[in-house]
Amino acid sequence: MNSLETDGRTLVDHSWDFEKADTKYSNHGFHSYPATMIPQVARRLIEEYGNGSKTLLDPFMGSGTAVLEAKLNPNFEKAYGIDINPLALLVGKVKTTSIDYELLKTTFMDVLNESNNELQQINFMMKNKAPRDVDFFNINYWFKPNVISELAILKNNIDKIENGDKRIERDLKDFFNVVLSEIVRKCSNTRNGEYKLYRLSEEQLKKFNPKPILEFENKGKKNIERMKTFNKECSGCEVDILSEDSRFRTSIMDDSVDLLITSPPYGDSQTTVAYGQFSRLSLQWLGYDKKDVTNIDKMSLGGKKLPQKNMLDSLTLQDIIHKISEKDEKRAKTVLDFYMDFYKCVEEFDRVMKTGSKLCFVVGNRTVKGFKIPTDRILIDLFKQKDDQYRHLETIIRRIPSKRLPKKNSPTNIKGEVGSMMNDEYIVILEKR
């Protein structure tokens, strides 16, 4: 099935599909995120490959699925989650931070009651908008005036949350900012279910009448109940959420990690998953610096267009780059940039992983210029470049029943042309010897 000569086998295993599984149990349902690893996959990887493991690393944390599973597992002492996206860092932190249930309920009612009172006053005075501190380019393009007013009210009341313990105060604000972030996207003029920013049509906008405070109430109640369940189930595992870049030396100690579980970026924000676009409106409402918000996709793997020669020892990669370059040299360079950046991460993983540790990568093989890129095989090649320290144990192929990914993309980057997207995922298991 796999032309690459590897140590391990490659097999299709539908028991990994989890087609009808609840993927939002515990705090996993806090916030949507593009191309998320489902918790069942992370949990099973921990169970099957993490025997005796005490420390877990997810170097491309996203919404924090793997680190949350480590927190729900009684055997882990430490879990690291790394990401460059401020929204991922916020969601990952909130998902894995226990907060007292009664305190959450009391704070929630304070924010909600104050927000509803302010909204009533605005309606009574027949004003179209509330005073707001949030303003950014195109805010009126992406949000209706009444939506801006309600979101501003909610944000101001979250900012007013107080607690004698400043750490708890920060945790409370972060918790409700995650709720607000989800509401921002739901109540924006963007098409539902998209991972990029596309505006609703004028006809759709006429029928679109979201009520942010009501949505905040509904989502807040659900997340508080999830936290109640999480508080009962979570372990003593210490979770460190790191705003760092896995291409460079991180703050994690040498030879300290037992198990790596991650789903790396897909490698092309132009045609596949634009994490920055997905996060932009939320981060702007939450007050993040404009430069941090707009540069996420540029800062991702392969995002910076730097002159660099292919130094990677992968015949599979060389072959696919050659094929793509015959059609489009620029796109071939973009693909190569991604894998060159990924190899920098491989070197950092090698530094922090213990001998005998397992590394589990959940990857998709995307299509560029009509060519399917075998990332699963290229990944094995890149690790084998490390003086044969790594052994390929196996690659499991699973169907993607409901991952937040499009079924079609624009592999040629020409408007109107679409190609099939990733319907399968490849779970590549490696061992450091």
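The values are calculated or read from the model by the stated rules, or taken from the named source; none is laboratory data. If you're wondering where the values come from, they're calculated on a predicted model, not measured in any experiment. Cβ sites come from the backbone with ideal geometry, for glycine too, and all protein chains shown count toward neighbours.
Structure values in brief
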| read-out | value |
| --- | --- |
| Single unsatisfied condition, Leu197 versus (1) at pLDDT below 95; (2) exposed (fewer than 14 other Cβ atoms within 10 Å of the Cβ); (3) not acidic (Asp, Glu) | (2) |
| So Ser26, is it modelled with pLDDT of 95 or more and surrounded by fewer than 18 Cβ atoms within 10 Å (Cβ to Cβ) | no |
| Single match in Lys344, Lys323, Lys327 (criterion: closer than 18 Å to Thr262 by Cα, basic (Lys, Arg) and either surrounded by fewer than 21 Cβ atoms within 10 Å (Cβ to Cβ) or modelled with pLDDT under 95 (or both)) | Lys344 |
| Subset tally (residues that are within 14 Å of Asp381 (Cα to Cα) and more than 28 Å from the chain's Cα centre (by Cα)) for region 317-362 | 2 |
| Residue tally, condition assigned to a helix (DSSP H, G or I), touching a residue at least 12 places away in the same chain (Cβ under 8 Å) and over 19 Å from the mean Cα position of the chain (by Cα), over region 177-203 | 1 |
| Sole residue being outside any loop (DSSP other than H, G, I, E, B) and more than 22 Å from Phe349 (Cα to Cα), chosen from Ser32, Ser15 | Ser15 |
| In region 69-93, the residues that are in contact with a Cys (Cβ under 8 Å, 6 or more places away or on another chain) and among the aromatic types (Phe, Trp, Tyr) | Phe76 |
| Top-ranked residue in region 46-59 [being more than 18 Å from Cys234 (Cβ to Cβ) and buried (at least 24 other Cβ atoms within 10 Å of the Cβ); ranked as farthest from the chain's Cα centre (by Cα)] | Leu57 |
| Sole exception among (1) among the small types (Gly, Ala, Ser); (2) within 25 Å of Asp289 (Cα to Cα); (3) assigned by TED's automatic domain parsing to the domain that holds Tyr426 for Gly92, by number | (3) |
| Check on Ser243, among the polar types (S, T, N, Q) and within 30 Å of Lys432 (Cβ to Cβ) | yes |
| Hits in region 240-256 - residues which are among the hydrophobic types (A, V, I, L, M, F, W, C) and either surrounded by fewer than 20 Cβ atoms within 10 Å (Cβ to Cβ) or farther than 23 Å from Glu182 by Cα (or both) | Leu242, Phe248, Ile252, Met253 |
| Contacts under 8 angstrom Cβ, first residue in region 274-296 being surrounded by fewer than 21 Cβ atoms within 10 Å (Cβ to Cβ), partner of a type in the set (Ser, Thr, Tyr) and assigned to a loop (DSSP other than H, G, I, E, B), 6 or more apart | Gln277/Tyr195; Gln277/Ser269 |
